[in-house]
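> This is the structure I want to talk about, given as structure tokens.
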Amino acid sequence: MTSGYTSLSLLDVGLAAGFVVLAGILSLLFRLGIVKSLLIGAVRTAAQLGLAGIALKTVFGLNQFWLVGILALAMVGLAGREALNRQKIRPKGMAIDVIGSMAVSAFLVSILVTGVVVGSDPWWRPPIFIPLLGMILGNSLNGISISLERFLSACRNDRARIEMRLSHGATAHESIQPVVRESLRAGMMPIINAMAIVGLVSLPGMMTGQLLAGADPVDAVKYQVVVMYMIAAATTIASAMALLLARRRVFTSDHTLKPGL
Amino acid sequence: MTSDPEQESCLLAVDSLLLAVEDREDRKRILTKPIDMRLSVGQIIPLVGPSGTGKSTLLRAMVRFHPIEKGRILFLGKDIHDYPPPFLRTRLGLMFQTPSFTPGTVRQTLLEPFAYRAVEQDAPDETAMVDELEQVGLPRKLIEEDIERLSGGEKQRVALARLLLLHPQVLLLDEPTANLDEESAELILNRVKDWIKHGRHAAIWISHTRSLTEQIAATPYRLEAAPKEEKADD
């Protein structure tokens, strides 16, 4: 770490809790009825991040491949579950599709970035691999959720149009191609927008963190650019894979949309 | 070749067919008494029967949108399951009560199916498209129009033109004129009747009103509800 790094004591963090108290007083004054939620949120923030910190410290300290592997798989599983929970319509077997596409895209991109771009040795060095994987998962989770949501609700609401194409001799794939395209586009929009405005409106969290930790701004910028590109790639791969797999789930072998989607 | 002339002219044959739908608890309910039906070249059969007897389901089963519970359906003497579904659907043209369109112009609407692999014919040229539109009483300039700007009756006529440009052999019409103005309904009926006369064509037409049924053809085919299942003594 460079010299500009200022460590925080627990007391410093406790002082920051005063801000939450201030927010609590304001919400009491305005009778928002959310003081309880605010407190629970504040406690969860400290507890969850505390646990994450302990886990990371352990994993970083032990520096064992198998431990990194277990943590990475758990992260993929949790991200996949969250992406599924956001779906109103869930055809059978979709959990495997979602977790599978997340795993493939996240591991592919994060291993390429740590091994080739960053060139860390070994590629799974925890302080680099784990945060990168986390960022990839968080973002591709968003992409997959939006894509699948768009896709599955179109299968329900656009049924007549899909059947119209089937009735004219379209195969299952041909009949749903416009829907797949539209859904993938929707899933990619957030990262495309983010790339367009990054640095203009606000600095991304990762870069801010690096700057606070005293890193050289040029270095921080380079990392942030890599991260944006990596997120764009991972989000696209994960959403496209999830869509192609979900496409098989909504048709029967007769080139017909399954009933009751 | 010594083939039976009656079999020669038979386009669609339905043998002891049972259709079922699944209710909310995944229990199957048989819709009709067994269906036996022959559709021959030049014929147009009005399909009638109380609601819930599966008239639409029967048409959907013919193009494999709906599974068959028992019995079989033959197209040109061959079981419909022996055809790839996309190809079968280019031969048996299904027309819905409410037409659907991909956003675009009338021209794009008419051309859309010709991008599918199962549609082996070349896309129709401008003359063929305009000609088909005029046959359902639509002016040639309409081809440039955005499909969504058309009236319900015009849309349904475009849908019929789109279907006929694919040169199907049989039309399966699911109450295509139910929601239409009289003029559009008449234009569609006349076009279908005219189409039947030219080429080895035939059609089945679901009809709810007696007057329409009489206009379509002399003898309708009536679907009858399956007898209610008897309750077990328990």
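The values are calculated or read from the model by the stated rules, or taken from the named source; none is laboratory data. Treat the numbers as computed from the prediction; the structure is a model and nothing was measured. Please note: Cβ atoms are built from the backbone with ideal geometry, for glycine as well, and neighbour counts cover all protein chains shown.
> As an exercise: evaluate B:Glu120 against (1) assigned to a helix (DSSP H, G or I); (2) over 19 Å from the mean Cα position of the chain (by Cα); (3) at pLDDT below 95 and give the number of the one condition it does not meet.
Every condition holds for B:Glu120 apart from (1).
> Restricting the stretch B:1-31 to residues that are at pLDDT below 90, surrounded by 10 or more Cβ atoms within 10 Å (Cβ to Cβ) and among the acidic types (Asp, Glu), which is nearest to B:His201 (Cα to Cα)?
Step by step, filter the stretch B:1-31, then rank; the result is B:Glu8.
> Another question, then. Does A:Met228 meet the test of being at pLDDT 95 or above, more than 14 Å from chain B (Cβ to nearest Cβ) and part of a helix (DSSP H, G or I)?
Spelling it out, it is not the case that A:Met228 is at pLDDT 95 or above, more than 14 Å from chain B (Cβ to nearest Cβ) and part of a helix (DSSP H, G or I).
> Something else now. May I ask you to list the residues in the stretch B:86-117 that are more than 9 Å from every other protein chain (Cβ to nearest Cβ) and part of a loop (DSSP other than H, G, I, E, B)?
B:Gln97, B:Pro103, B:Gly104
> Within the stretch A:160-206, track down each residue that is within 9 Å of another protein chain (Cβ to nearest Cβ), in a helix (DSSP H, G or I) and among the polar types (S, T, N, Q).
Within the stretch A:160-206, A:Ser167, A:Ser175 meet the criteria.
> With respect to the numbered conditions (1) crowded, with 21+ Cβ neighbours inside 10 Å; (2) more than 14 Å from the chain's Cα centre (by Cα); (3) among the hydroxyl-bearing types (Ser, Thr, Tyr), which one is the sole condition not fulfilled by B:Thr177?
Only one criterion is unmet by B:Thr177, namely (2).
> Among the listed residues A:Val109, A:Val116, which satisfies the condition of being assigned to a helix (DSSP H, G or I), in contact (Cβ under 8 Å) with a residue 40 or more places away in the chain, within 28 Å of A:Gly143 (Cα to Cα) and assigned by TED's automatic domain parsing to the domain that holds A:Val226?
Of A:Val109, A:Val116, the one residue that is assigned to a helix (DSSP H, G or I), in contact (Cβ under 8 Å) with a residue 40 or more places away in the chain, within 28 Å of A:Gly143 (Cα to Cα) and assigned by TED's automatic domain parsing to the domain that holds A:Val226 is A:Val109.
> Criterion first (closer than 30 Å to B:Leu92 by Cα and in the same structural domain as A:Met102 (by TED's automatic domain parsing)) does A:Leu244 satisfy it?
When the stated conditions are applied, A:Leu244 passes them.
> Then there's this: Among the residues of the stretch B:170-189, is any of a type outside the set (A, V, I, L, M, F, W, C), at pLDDT 95 or above and in a helix (DSSP H, G or I)?
No, every residue in the stretch B:170-189 fails to be of a type outside the set (A, V, I, L, M, F, W, C), at pLDDT 95 or above and in a helix (DSSP H, G or I).
> Considering each residue of the stretch A:137-171, count those that are more than 30 Å from A:Val109 (Cβ to Cβ) and either in contact with a Cys (Cβ under 6 Å, 6 or more places away or on another chain) or of a type in the set (A, V, I, L, M) (or both), and give that number.
Of the residues in the stretch A:137-171, 5 are more than 30 Å from A:Val109 (Cβ to Cβ) and either in contact with a Cys (Cβ under 6 Å, 6 or more places away or on another chain) or of a type in the set (A, V, I, L, M) (or both).
> Suppose we filter the stretch B:30-75 for residues that are farther than 19 Å from B:Gln169 by Cβ and in a loop (DSSP other than H, G, I, E, B); how many remain?
Residues that pass the stated criteria total 13.
> If a residue has to be more than 14 Å from chain B (Cβ to nearest Cβ) and over 21 Å from B:Ser56 (Cβ atoms) to count, how many in the stretch A:148-159 make the cut?
The qualifying residues number 6.
> Now, a different point. Please specify each residue of the stretch B:79-98 satisfying the condition of being at pLDDT below 95 and out of contact with any Pro (no Cβ under 8 Å at 6 or more places or on another chain).
B:Thr98
> Another question about this same structure. Within the set of pairs 6+ apart or on separate chains, which have a first residue in the stretch B:4-18 that is over 14 Å from B:Ile44 (Cα atoms), a second that is at pLDDT 95 or above and crowded, with 19+ Cβ neighbours inside 10 Å, and C-beta atoms under 6 Å apart?
Short answer, once both residue conditions are applied: B:Val14/B:Ile73.
> Sticking with this structure for a sec: Out of the residues in the stretch A:6-58 meeting the condition of being under 30 Å from A:Arg125 (Cβ atoms) and among the β-branched types (Val, Ile, Thr), tell me which one is surrounded by the most Cβ atoms within 10 Å (Cβ to Cβ).
Within the stretch A:6-58, the match that is surrounded by the most Cβ atoms within 10 Å (Cβ to Cβ) is A:Thr58.
> Within the bounds of the stretch B:135-151, is there any residue that is surrounded by 19 or more Cβ atoms within 10 Å (Cβ to Cβ), away from every other protein chain (no Cβ under 14 Å), within 24 Å of B:Asp174 (Cα to Cα) and of a type in the set (Val, Ile, Thr)?
yes
> Follow-up question, since we're still on this one. Would you mind finding the one in A:Leu56, A:Leu67 that is assigned by TED's automatic domain parsing to the domain that holds A:Met135 and under 30 Å from A:Ala106 (Cα atoms)?
None of the other options fit; the residue is A:Leu67.
> Here are some residues: B:Ala128, B:Ala161. Which one is among the small types (Gly, Ala, Ser), assigned to a helix (DSSP H, G or I), away from chain A (no Cβ under 14 Å) and over 26 Å from A:Asn157 (Cβ atoms)?
Exactly one residue qualifies, and that residue is B:Ala128.
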